[in-house]
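One structure is given here, and the rest of the page talks about it.
Bear in mind that the values in this text are calculations on the coordinates, not laboratory data. In this text, all values refer to a predicted model and were calculated from it rather than measured experimentally. Glycine also receives a Cβ, built like all others from the backbone with ideal geometry; neighbour counts cover every protein chain displayed.
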Amino acid sequence: MTRIQKTVFVLVALVALVIGLTVSKVLNTERQLDTAELLDAGIVLLPQGRDMPELTLTNQDGESVSLQQLEGQWNLLFFGYTFCPDICPATLAELRQLRGMLPEETRQQMQPILVSVDPERDTPEQLKTYLDYFDAGFIGLTGPLDNIQTLANAAGVPFIPGDTSKENYTVDHGGNLALIGPDGRLRGFIRAPMRTQKLAEQLPMVLALE
């Protein structure tokens, strides 16, 4: 066998190895992601990702944050508000519990984000005080109501704005969380109420997807 033939042989072998490893990874992931188990954990994955709008909101530190800046990791968007009497504190407490049950690698891949549906009262300072109570590294986002509604509709978690003319008004909103992939696209949902134990088992495999 000539030197050129040996070189070609080695290159072909390397290409075959790379292809084999890639196919193996895909097949293993497909085997691990059991649709029935995902649904039992409350995870609904979309057949194809959906584009999200290009928006800029304000975080709890008063900094402008575009959705594009959040790319590169998985984000869980929860649409709620700090004056919510029940769903929001319960959901955030469950998210904190869930994070404590996940492996460190998975925790580093996932960022829970509270997007306020009550920007009238949820200033950055209010969000910061509220989220600091949970001490779980959550991000809070607020901004113009129109932007928030656009984001919520795109994420498939619409809400009905509260009547700000009334004292102690409430805001009707869902409890589902939107699952945004590292590519910035909507990849699925986590349905309410949260099943923390089952989510802790399934999320590491879901977040291993790219």
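Summary of computed values
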item	result
Under the Karplus curve 6.51 cos²θ - 1.76 cosθ + 1.60, θ = phi - 60°, whole-Hz ³J(HN,Hα) for region 127-132, x wherever Gly or Pro sits	4, 4, 4, 5, 6, 4
Cβ-based exposure ranking for Leu67, Leu203, Leu33, in which fewest neighbours within 10 Å come first	Leu33, Leu67, Leu203
Cut-off under 5 Å, modelled amide H: who pairs with Gln111 long-range	Trp74, Asn75, Leu76
Fewest-first ranking of Ile160, Ile113, Ile180, using other Cβ atoms within 10 Å as the exposure measure	Ile160, Ile113, Ile180
Residues with amide H under 5 Å from that of Thr170, placed H, sequence gap 5 or more	Asp163
Least to most buried among Thr196, Thr150 (fewest other Cβ within 10 Å first)	Thr150, Thr196
Neighbour-limited loop hits for GluC sites (Glu not before Pro), region 105-171 (at most 16 other Cβ within 10 Å; DSSP other than H, G, I, E, B)	Glu120, Glu167
